[in-house]
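The values are calculated or read from the model by the stated rules, or taken from the named source; none is laboratory data. Owing to the predicted nature of the structure, the values given are computational and were not obtained by experimental measurement. Here the Cβ positions follow ideal geometry from the backbone for every residue, glycine too, while neighbour counts run over all protein chains shown. Remember, those area values only see protein heavy atoms, side chains included, never the ligands or the DNA or RNA. Shrake-Rupley method; radii C 1.70, N 1.55, O 1.52, S 1.80 Å.
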Amino acid sequence: MFPLNRRHFLGLGAAGLCMPQSVLASEGSDRLFLLIFVRGGWDPTFVFTNQADNPFVYTPPFTELATNAAIPYMNSVLRPSVNTFFRSYGDRVCLVNGIEVASLTHDACRRIIFTGQAGAGKDDWPAIIGAHSGFDLPVMVVSGPSFTSQYSQAVVRAGEDGQLAGLLDGTALEKSDIPLNGLSGIGSHRVQQYLQRRAEDLQSLSGAGREHRFISDLLGCYAQRDAALTLDGFELGSATGFTSVPTQIEAAISTLTSGMSKCLVIEHNGLYESGWDHHSNIDSQTHHFDLLFNDLNWLMGRLSTWGLEDRLTVCVFSEMGRAPQLNPISGKDHWTFTSAMFMGAGVRGGQVIGGYDAGLVGQRVDPFDGGLDPNGTALSSLHFGATLLALSGIDPEEYLPGISPIYAAINNS
């Protein structure tokens, strides 16, 4: 994980919070992204794959196959939100099954699903997307993991104790872990006034080169900073000791709608934030899935209100799946194949790509039409990442040579 610590902020400065678009912007999509990470490892047999008649795979009770918007899924009276979601929004959803993460440990799988490899030293997909955006706060990690290397400056953590506000108003520097003699409030204000006045003076000079564009971007950053300082939604603590995913989204969505951020990352920990890692009582995932899809119903219903219905791409995923059979304490251990859902802007919805065989192993697919193909591609986290990059307008070949996105998931019309 890469939390934005105080020492890093000192070195980040204006280059991090006010990265000029002339430096980092690239031609591509104006889509925005919300990544919802399900921590702990969900069980695809509860919703995403039909294994009900497979004696080698334990499936939850009171479950039956249903289909809406051409998407087959496992329905249950115990998970009514799942049925409501696919009935209402299935035509906007592309479900991808059988993504291999090639590890059985949480830390390794999280890096693999976010970066494509288990070791350190690579930027995750949100960081790459954000670094190409030129936004003031490119990636807002409200909760969940973050892995960076080259693009550390693209990621800012909001945090449950309001770190973002501290970064914006400067109070975070008061808690620096290295000796620091900062300016007084009056002195800091005078410096800001001077810099802004100088930028305005320089802007009045003739010239349309890179320096002129940089100055325009700098003035834009001052405006964005003033707007950001008015945000009070990042007080994410709650009296109950946990913060719901809708509350986190509501707190951070203005960074997307105001044009400050390209991508939000939010973690889903299930009912009462008890986590999805059920080595005992796997049927507890029933309640987690019902809450997850209840949250997704709320989210999709709010997109038009926020003006994001045609701009926001949502991706929901977990770092691993669960083993086919129950262990001795009625739970399921870690499994190296998982599923993901893409929905919203740029996604070709109403379809399922990939699948699981009788051993719950991911099947090969044709990346162009999405159909199962024994001579096709075995899906991995690299294809997952390439698809996210392609949806953002970034050529995946730049970061993942030889890895193609799942073309069938992308709506190019």
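Annotations
- Rounded, prolate or oblate (a/c below 1.5 giving rounded, otherwise prolate when a/b exceeds b/c) for the stretch 244-347 by Cα gyration tensor: prolate
- Our estimate of slack between L372 and D30, defined as 0.36 nm per intervening residue step minus the Cα-Cα distance, is 119.9 nm.
- Of the accessible area of the stretch 38-158, computed with a 1.4 Å probe over protein heavy atoms only, carbon and sulfur atoms account for 53 percent.
- Percent carbon-and-sulfur accessible area, the stretch 271-372, ignoring ligands, DNA and RNA, probe 1.4 Å: 50 percent
- Mean Cα-pair separation over length for the stretch 332-413, i.e. relative contact order, pairs under 8 Å, 6 or more apart, %: 28 percent
- Protein heavy-atom accessible surface, 1.4 Å probe, per residue over the stretch 51-119: 43 Å².
- Per residue, in Å², the accessible surface of the stretch 336-393 once ligands and nucleic acids are set aside, probe 1.4 Å: 31 Å²
- In a fully extended conformation the segment linking L78 and A66 would gain 2.9 nm over its present Cα-Cα distance, using 0.36 nm per residue.
- For the stretch 291-381: rounded, prolate or oblate by the Cα gyration tensor [a/c cutoff 1.5]: oblate
- Taking amide H atoms as placed 1.01 Å from N in the peptide plane, the amide H of I410 lies under 5 Å from those of R348, each 5 or more residues away in sequence or on another chain.
- Applying 1/(1 + (r/R0)^6) with r as the Cβ-Cβ distance of S274 and D357 and R0 = 25 angstrom yields a FRET efficiency of 0.20.
- Protein heavy-atom accessible surface, 1.4 Å probe, per residue over the stretch 253-295: 31 Å².
- Beta bridges per DSSP, both residues in the stretch 40-171: antiparallel share near 65 percent.
- The figure for S330 is an accessible area of roughly 60 square angstrom, using a 1.4 Å probe on the protein chains alone.
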